[in-house]
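First comes the structure, then the notes that go with it.
The values are calculated or read from the model by the stated rules, or taken from the named source; none is laboratory data. No experiment lies behind these values; they were computed from the predicted model shown. FYI the Cβ positions are ideal-geometry reconstructions off the backbone, even for glycines, and counts take in every protein chain you see. Protein only, heavy atoms only, side chains kept; ligands, DNA and RNA dropped before computing areas. Shrake-Rupley method; radii C 1.70, N 1.55, O 1.52, S 1.80 Å.
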Amino acid sequence: MEGGDIFIQDFINDLQEFPESQIQKCFRGSGILITGGTGFVGKVLIEKLLRSCRDLNTIYLVVRQLNGQNPNERVKEMFTSPAFVYMSSLFTNPSILDVYEQFYNSPIPASTVIQMVEALPDYILNQVTSGLVSEWPDVVTFTKALSEQIIQSAGPELPACIIRPGFVLGTANEPIAGWMNDLNNLTGCALGSGLGLVRVFHGPSSVNAEIVPVDMLVNLLLVACWELIGNRTDVVNEEVPKDTVNTLIYNYASSNFKPCSWNQLGEKFFKNEKNVSSPNFFWMPFYYVTNSIFIYWLMTFYLHTVPAKVVDLFIWLIGKEPRLNEFYKRVHTAAKNLSSYQQMHVRYHNHNVKNLMNKLSSRDKMLFDFDMSILSWDDYFHKYLKGLRVYLMGNPLHMPGTNNNTLNRLITIHYNFIISICVLIVMYTIYFYY
């Protein structure tokens, strides 16, 4: 499969036959329970297990009655084995400037939230939610922080570890470079910017973006599970004394491997957007980052809101449904959520991640690589933006000539438009002030 500027070798990692590695041996004959298996990370995890751990016994995706056991009995049985890894988030402790791989006290006990959800009607919960999550960037990180509390309260009896990743984006290498199907806030803004729709961003440019390729995250997950099994082998199906085995937490932050600030992220997006043509271009891609909230809202009004009103009016006049204004409302909501993360000047310590990496054999380092220091962000984002074009927008891999002609025409229109605006401003100033 070739597409002119894109070749199959850009995407697919060829696997050769080698003797079984330590991690492959660990999972041989295993039964694995996966929650969220139909989600973004879950799909990559299942594919990786089926491809790299071929002698698995069973992967459980749905809990139902089987062999005389009801769902509760089967779940209880799963917790007597060492195969539980919780996917948390780097951002569960936003008020802490130095985040270590440990549990932190929360101002709101998980038990209190559970009691509120069980006792209060939905309309009251909706009213108090903003107050409950005010110390967190969003509801997702709030609920993940609560989940960490629940795991901590279970103590060493629960054979579990926790992984805290940053923003999870498309694959770096496996099974196809640049694959993704999750339109989160960051991806939505990147997609909108690539089409020339999103032009203004707000936030400190020096803060690390903490982005993580999903395939490397999945590799860390499997290696962490292997380590957990190794630590628990001698005590599985027996009572584990308290404090014998601590719950390991892994902070998986790109700033510890290959730092990339939000400003650098924008530059790499913009650099590669010009190289990734699409028939869906709305305008010439360009962007502006500002720390001033006043300048941000002023520029979004002129570069987002006004064009959206004009285009939607034209669409309405020709009898079609206006949609651009609603699109920008969603974009501004996503940008507002991202701005919370862009203000986090936090250092994430990753001693456990480094130790885990050092325990891998050379074979497992190749099969289950999660070392982000080997990444080239330029190469990664070039493939990532191609992946957005192919997997989220449904564009073919290559459309000779057409897209570049469209982009060149939009560049010409853009600069002519800017020149015209400048001329009008000068003429207005001369006429009214001189």
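Observations on the structure shown:
- Residue check for T187: hydroxyl-bearing (S, T, Y), open to solvent by less than 10 Å² (accessible area, probe 1.4 Å) and in a helix (DSSP H, G or I): yes
- With respect to the stated conditions, F314 fails to be open to solvent by 20 Å² or more (accessible area, probe 1.4 Å), at pLDDT below 80 and out of contact with any Lys or Arg (no Cβ under 7 Å at 6 or more places or on another chain).
- In the range 36-91, residue modelled with the lowest pLDDT [restricted to those that are β-branched (V, I, T) and in contact with a Gly (Cβ under 7 Å, 6 or more places away or on another chain)]: I46
- Qualifying residue in the range 14-23 (condition: open to solvent by less than 70 Å² (accessible area, probe 1.4 Å), part of a loop (DSSP other than H, G, I, E, B) and at pLDDT 80 or above): yes
- Once the range 143-165 is narrowed to residues that are open to solvent by 50 Å² or more (accessible area, probe 1.4 Å) and among the β-branched types (V, I, T), the residue that is nearest to the chain's Cα centre (by Cα) is T143.
- Within the range 91-112, the residues that satisfy the criterion of being assigned to a loop (DSSP other than H, G, I, E, B), open to solvent by 60 Å² or more (accessible area, probe 1.4 Å) and closer than 24 Å to S255 by Cβ are S95, L97, Y100, Q102.
Residue by residue, here is whether (1) farther than 23 Å from E135 by Cα; (2) not in a helix (DSSP H, G or I) holds:
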{"residue": "M299", "(1), (2)": "yes, no"}
{"residue": "D312", "(1), (2)": "yes, no"}
{"residue": "E321", "(1), (2)": "yes, yes"}
{"residue": "E326", "(1), (2)": "yes, no"}
{"residue": "K329", "(1), (2)": "yes, no"}
{"residue": "H332", "(1), (2)": "no, no"}
{"residue": "L338", "(1), (2)": "no, no"}
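- Listed conditions (1) in a helix (DSSP H, G or I); (2) at positive phi are all met by G178, apart from (1).
- Tally, over the range 173-199, of residues that are at pLDDT 75 or above and under 11 Å from G387 (Cβ atoms): 7
- Across the range 238-293, the number of residues qualifying as at pLDDT 65 or above, assigned to a loop (DSSP other than H, G, I, E, B), farther than 20 Å from M216 by Cα and open to solvent by less than 10 Å² (accessible area, probe 1.4 Å) comes to 1.
- Filter result for the condition that a residue is open to solvent by 80 Å² or more (accessible area, probe 1.4 Å), of a type outside the set (D, E) and under 30 Å from Y380 (Cα atoms), over V168, V140: V140
- Residues (at pLDDT below 75 and either open to solvent by 10 Å² or more (accessible area, probe 1.4 Å) or of a type in the set (S, T, Y) (or both)) located in the range 203-213: P204, S205
- Residues of the range 24-61 that are farther than 25 Å from M357 by Cβ, touching a helix residue (DSSP H, G or I) at 6+ places or on another chain (Cβ under 7 Å) and open to solvent by less than 40 Å² (accessible area, probe 1.4 Å): G37 alone.
- Any hit, the range 125-134, residues being touching a residue at least 24 places away in the same chain (Cβ under 8 Å), open to solvent by 10 Å² or more (accessible area, probe 1.4 Å) and not hydroxyl-bearing (S, T, Y): yes
- In summary, helices (runs of 4 or more DSSP H) completely within the range 343-398 and bearing 3 or more residues that are farther than 21 Å from L169 by Cα occur at 351-358, 362-367.
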